Amino acid sequence: MKVLEPLIFEQSAEGRTGVDLPELDVPGQDLTALLPEEMLRQTEPELPEVSEVDAVRHFTRLSTFNHGVDTGFYPLGSCTMKYNPKVNEMLARLPGFVNLHPYQPEELTQGALRLMSELQDDLAEITGMDAFTLQPAAGAHGEMTGILIVKAYHQHRQDAKRTKVIVPDSAHGTNPATAAMAGYRIVQVPSNERGGVDLEELRKAANEEVAALMLTNPNTLGLFDENITEIARIIHEVGGLVYYDGANANAIMGLARPGDMGFDAVHLNLHKTFSTPHGGGGPGAGPVGVKEFLAPFLPKPLVKRKENGKYTLDYDRPLSIGRVRAFYASFSVLVKAYAYIRGLGGEGLKQASENAVLNANFLMSVLKEPYHLPYDRVCQHEFVITPKNLKSYGVHTLDLAKRLLDYGYHPPTIYFPLIVEEAMMIEPTETESLETLERFAETMIKIAEEVRTDVDLVKNAPHTTLVSRLDEVAAARKPDIRWKKSE
Ligand SMILES: *Cc1c(COP(=O)(O)O)cnc(C)c1O
């Protein structure tokens with residue numbers, strides 16, 4: 001349905017109201033006298049004047065302008081929301097969890113500490129690491145924590161010549177950003193024709209100045225690097241450490257472990273792989289796991305199980321990099337991850353990964369015909385296609401993404417990874433039914449057909465949304481997202 005003249009914010013009418021409050025009937029009380037003079041506002045707040053019906057309709061309507069996983073298929077690559085079981089939301093809201101206070105004494109928080117301790121152990125088992133911190137608040141924050149641990153390790157060994165971090169050209173932007181913020185110089189290594197790290201180039205870059213290599217595997221092309229153990233060996237041989245960006249672990253859970261591939265440290269995004277919805281800015285959690293030799297450098301405090309079976313927050317960690325956030329973690333996110341892991345169990349986690357990989361390969365095999373597939377090999381949880389074969393029609397990836405909106409789909413990630421021109425990165429996730437995947441594939445095939453028969457239809461899309469193509473710079477720089485009093 002097309003809304004022609006949307007009245008979104010411009011609904012205020014002077015004197016209109018949705019509430020009718022009785023007169024203050026507390027005798028002798030002038031409430032304004034209770035507040036210090038300088039705290040009393042001098043002018044009326046500028047608020048829209050609307051009826052209850054207007055207000056309810058306004059917010060209900062706004063909620064329908066958005067596309068979420070609860071409204072439809074959302075195959076955004078890499079940063080996709082995986083499965084967020086609703087029951088985990090209920091568990092995270094249990095009164096015993098939500099009413100906790102971080103200053104409560106340990107005797108009264110044993111249950112929460114036990115949950116954190118067991119989650120640390122579960123994540124260590126899933127990734128093949130020896131110790132975990134749950135403190136970091138997001139993936140990028142986990143990377144920062146991990147690289148600070150790497151730095152502390154080299155400093156502790158008085159190995160001062162390590163000034164570089166190697167990052168492949170397919171890396172998520174947070175990897176080089178993290179390394180730069182930690183004070184390292186970035187050395188970029190190119191990918192080979194199979195989408196993995198170019199070993200020759202890596203050997204050239206690997207020397208005594210390398211503090212670490214940061215790697216995502218499967219990488220942002222959705223490809224598993226077949227040379228991973230050799231890559232780790234090359235870096236270890238020159239004394240560097242190997243860091244795993246595990247933001248999206250839904251291709252490997254229960255199937256392969258970074259710790260067994262040769263990685264020394266990892267972070268996971270609980271808000272991607274382990275059942276916390278994201279988007280809109282959080283809360284999230286980016287726990288970091290390390291091998292035994294790096295454990296002394298983990299942030300403090302660390303949740304620990306004592307000899308007597310009680311749990312405690314261990315501050316006695318002299319080599320620790322210190323705290324990386326206030327208090328201990330985004331606790332509700334931890335509850336959801338714990339519930340997800342314990343709910344599925346080892347076999348269930350493995351099956352989730354297998355389904356994610358199967359779904360991605362199914363879509364890839366159908367879409368490589370109507371589109372161009374830059375790396376034609378088995379993919380993991382996601383894959384990249386492009387409209388290179390349709391280039392003569394003047395169509396771009398942005399046009400395809402916009403046209404998908406007309407069919408009720410959230411578009412995949414576009415123009416990332418940067419190493420593929422006109423990239424469209426598709427991640428269906430483990431949750432979607434065969435019917436949903438088939439319908440999406442049919443839609444993509446139909447759009448390729450439209451490009452051939454009526455390219456303007458695609459180039460001018462979307463046609464069914466409230467607004468069509470936005471000036472994206474203006475939308476970011478001068479957002480018009482609230483009511484303003486008219487002059
Ligand atoms: C999402 C993502 C990150 C960053 O995680 P945030 O929680 O958004 O900071 C890092 N690396 C990869 C591969 C990602 O997909």
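The values are calculated or read from the model by the stated rules, or taken from the named source; none is laboratory data. Keep in mind it's a predicted model, so treat the numbers as computed, not measured. In this analysis, Cβ positions are derived from the backbone assuming ideal geometry, glycine residues included, and neighbour counts consider all displayed protein chains. These accessible areas exclude ligands, DNA and RNA; they are computed on the full protein's heavy atoms, side chains included. Shrake-Rupley method; radii C 1.70, N 1.55, O 1.52, S 1.80 Å.
Sort out which residues of region 20-35 are closer than 25 Å to Glu49 by Cβ, in a loop (DSSP other than H, G, I, E, B) and of a type in the set (S, T, N, Q), and write them in order of number.
Scanning region 20-35 gives no hits.
Among (1) buried (at least 23 other Cβ atoms within 10 Å of the Cβ); (2) away from the ligand (no atom under 16 Å from the Cβ); (3) under 30 Å from Thr431 (Cα atoms); (4) not aromatic (Phe, Trp, Tyr), where does Ala92 come up short?
(1)
For the subset of region 258-273 comprising residues that are at pLDDT 95 or above, within 20 Å of the chain's Cα centre (by Cα) and not in a strand (DSSP E or B), which member is nearest to the ligand (Cβ to nearest atom)?
Out of the qualifying residues, it is Asn269.
Evaluate the following for Val150: is it open to solvent by 50 Å² or more (accessible area, probe 1.4 Å), more than 16 Å from the ligand (Cβ to nearest atom), touching a residue at least 24 places away in the same chain (Cβ under 8 Å) and not charged (D, E, K, R)?
Here the answer is no, as Val150 does not meet what is asked.
Got at least one residue in region 444-467 being modelled with pLDDT under 90 and aliphatic (A, V, I, L, M)?
Checked against the condition, which is being modelled with pLDDT under 90 and aliphatic (A, V, I, L, M), region 444-467 yields at least one hit.
Here's the yes/no breakdown for (1) open to solvent by 10 Å² or more (accessible area, probe 1.4 Å); (2) within 26 Å of Thr64 (Cα to Cα):
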site: Asn389; (1), (2): yes, no
site: Val395; (1), (2): no, no
site: Ala401; (1), (2): no, yes
site: Asp406; (1), (2): yes, yes
site: Tyr415; (1), (2): yes, no
site: Glu427; (1), (2): no, yes
site: Glu432; (1), (2): yes, yes
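Considering only region 212-231, I want to know if a residue exists there that is more than 30 Å from Glu347 (Cα to Cα) and open to solvent by 10 Å² or more (accessible area, probe 1.4 Å).
no
Has region 51-58 got any residue that is modelled with pLDDT under 90, farther than 30 Å from Tyr315 by Cβ and hydrophobic (A, V, I, L, M, F, W, C)?
No - not one qualifying residue is present in region 51-58.
So, restricting to helices (runs of 4 or more DSSP H) that lie completely within region 82-193, which ones have at least 1 residues that are over 19 Å from Ala265 (Cα atoms)?
Result: 86-92, 95-98, 110-127.
Counting residues that are in contact with a helix residue (DSSP H, G or I) (Cβ under 8 Å, 6 or more places away or on another chain) and within 16 Å of the ligand (Cβ to nearest atom), which strands (runs of 3 or more DSSP E) fully inside region 277-393 reach at least 2?
288-290
Could you list all residues from region 154-173 that are within 14 Å of the ligand (Cβ to nearest atom) and without any contact (Cβ under 8 Å) to a residue 40 or more places away in the chain?
Gly173
With (1) in the same structural domain as Glu438 (by TED's automatic domain parsing); (2) of a type in the set (A, V, I, L, M); (3) buried (at least 18 other Cβ atoms within 10 Å of the Cβ) as the list, and Ala339 as the residue in question, which single condition is left unmet?
(1)
In region 198-227, which residues are more than 16 Å from the ligand (Cβ to nearest atom) and either β-branched (Val, Ile, Thr) or under 19 Å from Ala179 (Cα atoms) (or both)?
Correct list: Leu202, Ala205, Ala206, Asn207, Glu208, Glu209, Val210, Ala211.
Kindly list, by first and then second residue, each pair from a residue in region 234-263 that is under 17 Å from Val167 (Cα atoms) and open to solvent by 20 Å² or more (accessible area, probe 1.4 Å) to a residue that is in a loop (DSSP other than H, G, I, E, B) and not polar (S, T, N, Q), limited to pairs with Cβ atoms under 6 Å and residues at least 6 apart or on different chains.
Listed pairs, sorted by first residue: Val238/Ala206; Val238/Glu208.
Hey, can you tell me all the residues within region 294-311 that are of a type outside the set (D, E, K, R) and either crowded, with 16+ Cβ neighbours inside 10 Å or not assigned by TED's automatic domain parsing to the domain that holds Met129 (or both)?
Of everything in region 294-311, those that are of a type outside the set (D, E, K, R) and either crowded, with 16+ Cβ neighbours inside 10 Å or not assigned by TED's automatic domain parsing to the domain that holds Met129 (or both) turn out to be Leu294, Ala295, Pro296, Phe297, Leu298, Pro299, Pro301, Leu302, Val303, Tyr311.
Pick out the one residue from Gly68, Gly77 that is under 18 Å from the mean Cα position of the chain (by Cα), among the small types (Gly, Ala, Ser) and away from the ligand (no atom under 16 Å from the Cβ). I'd like the intermediate steps shown before the answer.
Values: Gly77 fails: away from the ligand (no atom under 16 Å from the Cβ).
Only one candidate qualifies: Gly68.
I need every pair where a residue in region 131-142 that is open to solvent by 10 Å² or more (accessible area, probe 1.4 Å) and near the ligand (Cβ under 9 Å from one of its atoms) has its Cβ under 6 Å from the Cβ of a residue that is part of a helix (DSSP H, G or I) and not aliphatic (A, V, I, L, M), sequence separation at least 6 or different chains.
Ala140/Thr174
Could you go through region 477-484 and let me know if any residue there is on the phi > 0 side of the Ramachandran plot, part of a loop (DSSP other than H, G, I, E, B) and either touching a Pro at 6+ places or on another chain (Cβ under 9 Å) or open to solvent by 90 Å² or more (accessible area, probe 1.4 Å) (or both).
As a first pass, look at region 477-484 and keep what is on the phi > 0 side of the Ramachandran plot: none.
So far as region 477-484 goes, no, none of its residues is on the phi > 0 side of the Ramachandran plot, part of a loop (DSSP other than H, G, I, E, B) and either touching a Pro at 6+ places or on another chain (Cβ under 9 Å) or open to solvent by 90 Å² or more (accessible area, probe 1.4 Å) (or both).
Given the conditions (1) within 30 Å of Gln120 (Cα to Cα); (2) open to solvent by less than 20 Å² (accessible area, probe 1.4 Å), and given that Phe383 satisfies all but one, which numbered condition is not satisfied?
(1)
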